[in-house]
């Protein structure tokens, strides 16, 4: 059986908020290393990979592989019943047809308990190869969100060009064109506001802004986001958490 | 214009 308690409901709330629009139904794969998820969006353009490591829970018990097929809109409804500072305990049997959630508030001795019905989801797992990316760009999450939002007003797609000087996001659409360049820099007082580019070779790739805007729903998970690019492979957009991550992979647009 | 790629053509089924 699975038994996993997380100190802060807000962590789980933010993770689900980050992915629910992209992958509304998905399997949570639970085993002794933690709770993982891998799912493609409906159009098979993007892939979400999430991991909440066992050491982010206390206690954490899961002695065999359990797949929890969850409708994330249903889970969101139940998680709205938890306050951000509540502790959440997740419980499921070995062959579960429901997931039990207990929310505890130690301050006012309030305990609430919910069960949500699980679904049978036939999900394909893709093999994500280990990739040495040509460029890895780490930038403030809020900056990435702003760039995606701004450029999506002009165009459906954005070219991301990484050089050792920095990164340039550019787009062109019916009303005109636009670009935002972030030069590599280090903010000593607030390192999370720095822009860093690790580069082995320059890269220039084009991606759908609709998906990037969607990925930015994970912005509350981390102060920085890392974009990893190589020519002709999917972009990796990674939000790291203390005990896990949410990664989005996005297939590039290819010139005909 | 550019064609949107499919993620499955990059990552094979396990």
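A few comments on the model shown:
- Shown is the FRET efficiency for residue A:220 and residue A:255, computed with R0 = 30 Å from the Cβ-Cβ distance and rounded to the nearest 0.05: 0.30.
- Across region A:62-146, the relative contact order, built from alpha-carbon pairs under 8 Å that are at least six residues apart, equals 25 percent.
- Sorted by Cβ density within 10 Å, fewest first, the residues A:160, A:175: A:175, A:160
- Counting beta carbons within 10 Å around each of A:80, A:247 and listing the fewest first gives the order A:80, A:247.
- Diffusion constant of the protein assembly as shown at 4 °C, which comes from Stokes-Einstein with the Kirkwood Cα-pair radius and 1.567 mPa s, µm²/s: 66
- Candidates A:56, A:34, A:127, ranked by Gaussian network fluctuation over chain A, Cα under 10 Å, top entry: A:127
- Centre-to-centre separation between the Cα atoms of region A:156-216 and those of region A:79-146: 29 Å.
- Residue of A:38, A:123, A:145 that the Gaussian network model of chain A assigns the largest fluctuation, springs spanning Cα pairs under 10 Å: A:123
- Among A:146, A:14, A:110, the residue with the largest mean-square fluctuation in a Gaussian network model of chain A, with springs joining Cα atoms closer than 10 Å, is A:110.
- Extension reserve of the residue A:65-residue A:131 stretch, reckoned as 0.36 nm per residue once the Cα distance is removed: 21.1 nm
- Remark: relative contact order (chain A) = 20 percent; criterion is Cα-Cα distance under 8 angstrom and separation of 6 or more residues.
- Ranking of A:41, A:189 by count of other Cβ atoms within 10 Å, fewest first: A:189, A:41
- Multiplying the residue separation of residue A:107 and residue A:165 by 0.36 nm and subtracting their alpha-carbon distance yields 15.8 nm.
- The share of Cα pairs per 10 Å bin across region A:169-256, counted from zero up to the longest distance, runs 13, 41, 38, 7, 1 percent.
- Per residue, the convex hull around the alpha carbon atoms of region A:211-252 comes to 62 Å³.
- Relative counts (whole %) of C-alpha pair distances in region A:142-192, using bins that are 5 Å wide: 5, 19, 27, 21, 14, 9, 4, 2, 0
- C-alpha long axis of helix A:141-152 to longest principal axis of chain A, angle in °: 60
- Of all DSSP bridge pairs formed entirely within the protein assembly as shown, close to 100 percent run antiparallel.
- Computed from Cα positions, the angle between helix A:9-19 and the longest principal axis of chain A comes to roughly 50 degrees.
Read the figures in this text as sums done on the coordinates, not as results from a lab. No experiment lies behind these values; they were computed from the predicted model shown. Neighbour counts run over all protein chains shown; Cβ positions are idealised from the backbone, glycine included.
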